[in-house]
1. Take ASN333 and tell me if it is under 30 Å from ALA208 (Cα atoms) and either of a type in the set (Asp, Glu) or surrounded by fewer than 20 Cβ atoms within 10 Å (Cβ to Cβ) (or both).
2. What are the residue pairs meeting all of these: first residue in region 11-39, first residue over 24 Å from SER123 (Cβ atoms) and at pLDDT 75 or above, second residue outside any helix (DSSP H, G or I) and charged (D, E, K, R), Cβ atoms under 8 Å, and 6 or more apart or on different chains?
3. Tell me which residues, restricted to region 244-254, are surrounded by 16 or more Cβ atoms within 10 Å (Cβ to Cβ) and modelled with pLDDT under 85.
4. Only one of ARG509, ARG457 is over 22 Å from TRP233 (Cβ atoms) and either within 27 Å of the chain's Cα centre (by Cα) or modelled with pLDDT of 95 or more (or both). Can you tell me which?
5. Do you know which of the residues in region 346-386 that are touching a residue at least 40 places away in the same chain (Cβ under 8 Å) and aromatic (Phe, Trp, Tyr) is surrounded by the most Cβ atoms within 10 Å (Cβ to Cβ)?
6. Restricting to region 57-71, name every residue that is touching a helix residue (DSSP H, G or I) at 6+ places or on another chain (Cβ under 8 Å) and not small (Gly, Ala, Ser).
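The values are calculated or read from the model by the stated rules, or taken from the named source; none is laboratory data. All values reported here derive from a predicted model rather than from experimental measurement. Because the Cβ atoms are built from the backbone with ideal geometry, glycine has one as well, and the counts that use them run over all protein chains shown.
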Amino acid sequence: MFRHEAGEALAAIGDPDNKFGVAEILKKYSNDPVVEVAETCQLALEMILWRKSNGNMPRSQYDSVDPAPPLDDENKTVDELMSILLNQQNTLWERYRALFALRNLNTDAATKAIAKGLFSEDSALFRHEVAYVLGQIQSPVAISELKERLSSLDESGMVRHECAEALGSIGTEECRQILVEFLKDKERVVRESCEVALNIAAGEDDHAKALSFDLVLPKDFRALTSTLQEYVWMFRQQTLEAFKSIQKFENGQNTQRLLIWGNWGTGKTITLCQLAHLALNQNFVIVTIHDAMAWGRDNYYEVEVSSYKTGRLNSPHWATKILNLFKQQNQHNWSALSNLKASRKYEWSQMEQTEIGKPITEIVEIGLSAPYLATDCLGALFKELRIHATSGEIKLLVLIDKANGLFGKCVVRRPDRTTADIDELTLTIQIRKFLFSSWSNGLCAFVADKAEASNARDNVTIVPTDPEALFGDLNYEKLKPFILLKTNLYSEEEINVMHEYFLEKNWLRQEKGLPGEEAKKQLIFLSAFNPAYYEKICAMSWNLQCVPPPVNL
């Protein structure tokens, strides 16, 4: 296997002018007694000759360097390509080209045709490449064929290895169960491949669960990820700017404030989630307020008069949700948080109290077990986190979506049924302290969202999106200093990347030639390059066809 990979690497490097003698090396081993090595070198020589005549191969939509270019005859059907693929009289070069042409079609029929190649008994190298391509496609329709070849103890180790990795790439629950069966296989490369494949299958899912993306991502984006069965987002310029604030983080620095703003649908919430993902990998303690408008606009859940501060109203339901989210998102740091001690004694009730020196995680558990204490526990937790961050014991990331809701409209009723002011809500006061109080060794990223100022019944008034208008002049000045980060519409390059992704995932189907390209232009025009609008329109436009404009006589 290692020698095969070395041969493929030499072909990928190229050396068309033979400055480094790559062709001689490949010729030397093209008759190697190990058949797989000989076939690899023969294919590599074919690739070098093809490059001399045709130049560099077009970039693969899978962003891989392939050992052969796809057949360039766009008129060939799936059946015709399958016939070339399975015909053992054809050269491996011809069959590989048919294989990659089928892969690029990315339909269920093409995937099934490719999967039949797993049963071509003439070449283990060919079957290995077929399994690799099925892993690139990541389509569940090939699971049964991959399982069958993985289960065959007479099959070559290199083929079974690729089948295991392909199942890991597909990553369904059925795939995981198959891989678990072979964790104790007698062949080492198969055991290790299954172990790696299970990690691949679990990796994205684990991060998504750890950060509770099912709670914090926008509803439409969650629906899309559920349909496509993967969490994927684009690394945009605004993502890069946001990441700089974490990547340049130094222990002991004053807390940076990052104010994110932009038009609806341009990725403000997604940018917060991307920050959370990076922070998870860099061992930050994460506090997420995924909707700072929620409790101020809520007349359904019960509120309670605060026993801690006269004139304030507690929101047990929302405080419990925030505590729950905090616990879920910080499981990676829970043992470290358990080592942080309470800086003072907290008396929650006659029965419940947290002594000085007790773990601050005890505060979380008390709030979750007794919702009527949750609001006070949340305030104490936030205070302790700021203290321990400032002392350098933890790095703290605070994410607040719709942060201007902390200064906006309130519909909550006091016990006498009069409308309360937003400044009377305990949760609002507690979260504002992250924005206004002096603490260090952290980052606070917060979003200005026009949702707070919008009226669903008013389709005429244009609501501004600039943060100064949304926070108000006075609050805007109080929040300074901060770094402004604007989320933007898609660039032409970005929207083309998204279009190709949707085609790859069969979320869209586009006719070849001019009609399909014209339909694509219309789709982009209708979306006005807005990411959210583009996703919505794509959800309603599966088959991209375009009626040609009428001819003026």
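1. Working: under 30 Å from ALA208 (Cα atoms): yes; either of a type in the set (Asp, Glu) or surrounded by fewer than 20 Cβ atoms within 10 Å (Cβ to Cβ) (or both): yes.
Yes.
2. GLY21/ASP15
3. Start the filter on region 244-254 by keeping residues that are surrounded by 16 or more Cβ atoms within 10 Å (Cβ to Cβ), which leaves 245-246, 249.
Hit for region 244-254 is PHE249, nothing else.
4. Details: ARG457 fails: either within 27 Å of the chain's Cα centre (by Cα) or modelled with pLDDT of 95 or more (or both).
Among ARG509, ARG457, only ARG509 is over 22 Å from TRP233 (Cβ atoms) and either within 27 Å of the chain's Cα centre (by Cα) or modelled with pLDDT of 95 or more (or both).
5. PHE382
6. Correct list: MET57, GLN61, TYR62, VAL65, ASP66, PRO67, PRO69, PRO70, LEU71.
Quick grid of which residues meet (1) loosely packed, with under 14 Cβ neighbours inside 10 Å; (2) on the phi > 0 side of the Ramachandran plot; (3) of a type in the set (Lys, Arg):
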| residue | (1), (2), (3) |
| --- | --- |
| ALA210 | no, no, no |
| PHE221 | no, no, no |
| SER226 | yes, no, no |
| ALA242 | no, no, no |
| GLN256 | no, no, no |
| TRP264 | no, no, no |
| GLY267 | no, yes, no |
| GLN274 | no, no, no |
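For (1) more than 30 Å from TYR534 (Cα to Cα); (2) among the β-branched types (Val, Ile, Thr), each residue gets a yes or a no:
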residue	(1), (2)
GLN253	yes, no
ILE260	no, yes
THR266	no, yes
ASP291	no, no
LYS309	yes, no
ASN324	yes, no
